[in-house]
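Below is one structure, written out as structure tokens; comments come after it.
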Amino acid sequence: MQPKRYAIVDLETTGGRASRHKIIEVGIVLHDGQQVLDTYSSLVNPECYVPYGITQLTGITQEMVQDAPKFYEVARKIVEMTEGAIFVAHNVRFDYSFLREEFKRLGYTYSRRNLCTVRLSRKAFPGLPSYSLGNLIKWMGWKADARHRALDDALATAELLRRILAEEDNQKQVVDMVNLGIKESLLPKSFDMEKMHALPEECGVYYLHNAQGEVVYVGKSINIKKRIAEHFADKTEKAGKLQRHVHDITYEITGSELVALLLESHEIKRLHPPINRAQRVRRFPYLVHTLTDEAGYICYEATQANAARRKTLQVISEYPKFAHARNHLNRVREAFELCARLCKLQPGNSGPCFHYHIKQCHGACAEQESVEDYNERALAAREVLSTVFEEDFFLLDEGREPGELAVILVENGNYQGFGYLDEEGLNGSMDNLRDAITPYAGNPETTRLIQRYLNKKPHLKRIPVQTEAVEW
């Protein structure tokens, strides 16, 4: 059975990225699948410059929008027109993301079941040379008075949807797409499609519970609803376990993807969910440990060790690959001019190491350096081996709502915890930043998560811990 109401939406914007550009016109057609029920359109003042290229494409000029209502003035009408309807657009990701971003700036979470007529038309009318709206308008013989204006394009999309829905087989495709590819029979008995659609499309951590309320799986996603839908649409062994055991779903919105990664890691270690077995396998099987030889010299070694052997070692740092452990140890050896043989980086147990002959080792291996002098440098090297980050800093990332920031603390070379702070609270004393932090234990996995995130987003704001005052 097909859904009864559709809100077909088209937007004109100042550019192609929802995070940077703004809406300049909105058009909505309310439709029942057979006929138009209502329409709405309005120019929108973007409170920014309308690029010349956009004016050339749409005909919308700066003068046309300067006295138009701002988005907050049309927001209520958009909510009312689309409430309870399926949100439809030609390339729905574009229009839906722009509206979600605009509402987010207002502090409102805009969430609708949605449907893409690009995907639908590919399935309904295979073999066409192009599925752009312009080409489909020509193919349908539809008369569009003003292409690239919001209401006219929305009306054309509504006609396209009507023709698609005229075929019963296509109605099944619509239901499948709206339900994110999930067959309701695959959902847990206590979790129907309405609950699925009520899940947030936000970044965070989610918890899947069994009938006794116990957590059986923990995951993270930048879009919780989409990720959970994928779990139940899959036909993998893990998906089968979820479908059999999950009774309820809870979640925690984090805003920041890094916070979601860190919280997920913490919760898996804390809760030991049975379906997270793959993530509970040790990801850091290699390590650098320290020992003292018979002469009293401090030695280091990069090696692999299972859980039983680890208990007998003084572990300094852990790594996902042996090469990472060995290379890190070798860099530290070079920096502190330690002996390659005492660092187990050169075979043999006696006689001068190679680096002694090229004057890069002070001669502990050749009885030319005292235990005291060598161990002084070796202890200093240990600090570097156990320290991942060379500086202490607060890292600022996206919060859970407008005006809020996520704060991650890296101190003494390691992750210390995270929290949230209003942007207004950032100005002034560093105490505000530190007070926002909830302590969490750092480990090699959290270190790697932060390193990877910083590599992906190198321009995130870092505030050195030693800073006396903060300005935002």
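The values are calculated or read from the model by the stated rules, or taken from the named source; none is laboratory data. Source: prediction; values computed, not measured. Cβ sites come from the backbone with ideal geometry, for glycine too, and all protein chains shown count toward neighbours.
Odds and ends about this structure:
- Filter pass, E411 being acidic (D, E), farther than 21 Å from S317 by Cα and outside the structural domain of A340 (by TED's automatic domain parsing): no
- Just one residue in the set V92, V26 is in contact with a Ser or Thr (Cβ under 8 Å, 6 or more places away or on another chain), within 18 Å of I8 (Cβ to Cβ), surrounded by 14 or more Cβ atoms within 10 Å (Cβ to Cβ) and modelled with pLDDT of 95 or more; that residue is V26.
- Search result, residues across the stretch 362-378 that are at pLDDT 95 or above and among the hydrophobic types (A, V, I, L, M, F, W, C): V371, A378
- Residue that is surrounded by the most Cβ atoms within 10 Å (Cβ to Cβ), among those in the stretch 147-175 that are out of contact with any Lys or Arg (no Cβ under 8 Å at 6 or more places or on another chain) and more than 21 Å from L37 (Cα to Cα): H148
- The lone exception for A198 - which of (1) out of contact with any helix residue (DSSP H, G or I) (no Cβ under 8 Å at 6 or more places or on another chain); (2) within 21 Å of P274 (Cα to Cα); (3) among the hydrophobic types (A, V, I, L, M, F, W, C) it fails: (2)
- Here L271 fits the description: among the aliphatic types (A, V, I, L, M) and within 26 Å of the chain's Cα centre (by Cα).
- Verdict on P347 being farther than 30 Å from L396 by Cβ and under 22 Å from the mean Cα position of the chain (by Cα): no
- Residue list for the stretch 208-226, filter: under 17 Å from A239 (Cβ atoms) and not basic (K, R): L208, H209, N210, V216, Y217, V218, G219, S221, I224
- Residue match in the stretch 46-62 (condition: hydrophobic (A, V, I, L, M, F, W, C), within 23 Å of S121 (Cβ to Cβ), surrounded by fewer than 16 Cβ atoms within 10 Å (Cβ to Cβ) and assigned by TED's automatic domain parsing to the domain that holds K22): yes
Every residue, every condition in (1) surrounded by fewer than 18 Cβ atoms within 10 Å (Cβ to Cβ); (2) touching a residue at least 24 places away in the same chain (Cβ under 8 Å); (3) β-branched (V, I, T); (4) out of contact with any helix residue (DSSP H, G or I) (no Cβ under 9 Å at 6 or more places or on another chain), yes or no:
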| position | (1), (2), (3), (4) |
| --- | --- |
| E102 | no, yes, no, no |
| L106 | yes, yes, no, no |
| L115 | no, yes, no, no |
| L120 | no, yes, no, no |
| G127 | yes, no, no, yes |
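- Helices (runs of 4 or more DSSP H) within the stretch 144-243 that include 1 or more residues at pLDDT below 80 and under 27 Å from K104 (Cα atoms): 168-178, 193-198
- Applying the condition of being in a loop (DSSP other than H, G, I, E, B) and aliphatic (A, V, I, L, M) to the stretch 413-450 and asking which residue is modelled with the lowest pLDDT yields M430.
- Filter pass, K359 being among the basic types (K, R), part of a loop (DSSP other than H, G, I, E, B) and at pLDDT below 90: yes
- Taking the stretch 202-226 as the range and being surrounded by 19 or more Cβ atoms within 10 Å (Cβ to Cβ) and either in the same structural domain as T109 (by TED's automatic domain parsing) or out of contact with any strand residue (DSSP E or B) (no Cβ under 8 Å at 6 or more places or on another chain) (or both) as the test, only K225 passes.
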